[in-house]
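As structure tokens, the structure follows; a few thoughts come after it.
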Amino acid sequence: MSYTVRSQLSQKHQPNLLTKLMTNVFSGFMMGGLKSCATAFTDAALESTNPVLRRIFADSIPNIIEMAYELFLYSNKKQYYQVPQLTQQDTQNYVNGFAPIQGGTMMH
């Protein structure tokens, strides 16, 4: 898995630009569809009164999640869905931002 944001395509990859763009767009639509399916199946499982249907929807949700994860790995490998890496200082700022205040009093 890649945790860096890489620069755009170089000049030597220009002939494949349209193919790469279409694959990128298609994988983005697939990811959106899988997210929508996971949401809809969760809603259906919670609202279903038939126990058989409820079990079918509930058992299908982990499969959708696994498909979305596989698509994420593919998209990340192809650099369509990149995960930026925070610097150590930014990471520390986020972690410390949720720490309790030392020596402060709570106002009501």
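Things to note:
- The modelled label-to-label distance between Val95 and Gln82, using points 7 Å beyond Cα along the C-beta direction, is 2.5 nm.
- Spatial separation of Cα centroids for the stretch 51-66 and the stretch 69-98, in angstrom: 29 Å
- Rg then Dmax, both in Å and based on the Cα atoms of the stretch 15-108: 20.8, 64.
Since every read-out is calculated from the coordinates, none of them should be taken as a lab result. Keep in mind the model is a prediction, meaning the values are calculated, not measured. Because the Cβ atoms are built from the backbone with ideal geometry, glycine has one as well, and the counts that use them run over all protein chains shown.
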